[in-house]
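Data block below; observations after.
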Amino acid sequence: MDRISAIRNVEDALREFEDGEADLAATERRVAAVLRTYATEFDGDGDVFRAVGDEPVDGTVVVAPSEPAARERVLAASGVDGERDPDGGDGPAFDVERF
């Protein structure tokens, strides 16, 4: 799904909500499904990565050009200042994998 298709699908979901044809929960599910589809089919300047490890970063999904950049973006998106190696430290222990 390209960006324009994703935006159109989100607009359709919002329109149905505004017209009373869908409730908030259904709209949230639909928008989340659009975003998930967009992320899994992403074809841009980078890859989609998911963090696997400690909270609060576990499950965070970002677009980045490389694994090191993905680690930085995961930390930034999670509001975590530092990163921890397996032997200890200040931040969560985690790896990134292609989504």
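The values are calculated or read from the model by the stated rules, or taken from the named source; none is laboratory data. Since we're looking at a predicted model, the values are computed, not measured. Counting neighbours? That spans all protein chains shown, and the Cβs are built from the backbone with ideal geometry, glycine included. Accessible surface is based on the protein model in full, side chains and every heavy atom, while ligands, DNA and RNA are left aside. Shrake-Rupley method; radii C 1.70, N 1.55, O 1.52, S 1.80 Å.
Here are the numbers for this structure:
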{"read-out": "Heavy-atom accessible area per residue - the chain, 1.4 Å, Å²", "value": "67"}
{"read-out": "Projected label distance in nm at Val52 and Phe99, using a 7 Å step from Cα toward the beta-carbon", "value": "1.5"}
{"read-out": "Positive-pole candidate from Ala64, Val48, Gly20, dipole of the chain, charges at beta carbon", "value": "Gly20"}
{"read-out": "Helix-only mean residue ellipticity at 222 nm for the chain, each DSSP H run of n ≥ 4 adding -39500 (n - 2.57), per residue, nearest 500", "value": "-15000 deg cm²/dmol"}
{"read-out": "Cα→Cβ-extended label distance, 7 Å offset, between Asp19 and Ala76, nm", "value": "3.9"}
{"read-out": "Kirkwood Rh and Cα Rg combined as Rg over Rh, evaluated for the chain", "value": "1.10"}
{"read-out": "Ala69 versus Ala39: modelled label distance in nm, points set 7 Å from Cα along the beta carbon direction", "value": "1.8"}
{"read-out": "Magnitude of the charge dipole, the chain, Cβ model with Lys/Arg +1 and Asp/Glu -1, debye to 20", "value": "220"}
{"read-out": "Principal-axis tilt of helix 3-18 within the chain, Cα atoms, nearest 10 degrees", "value": "60"}
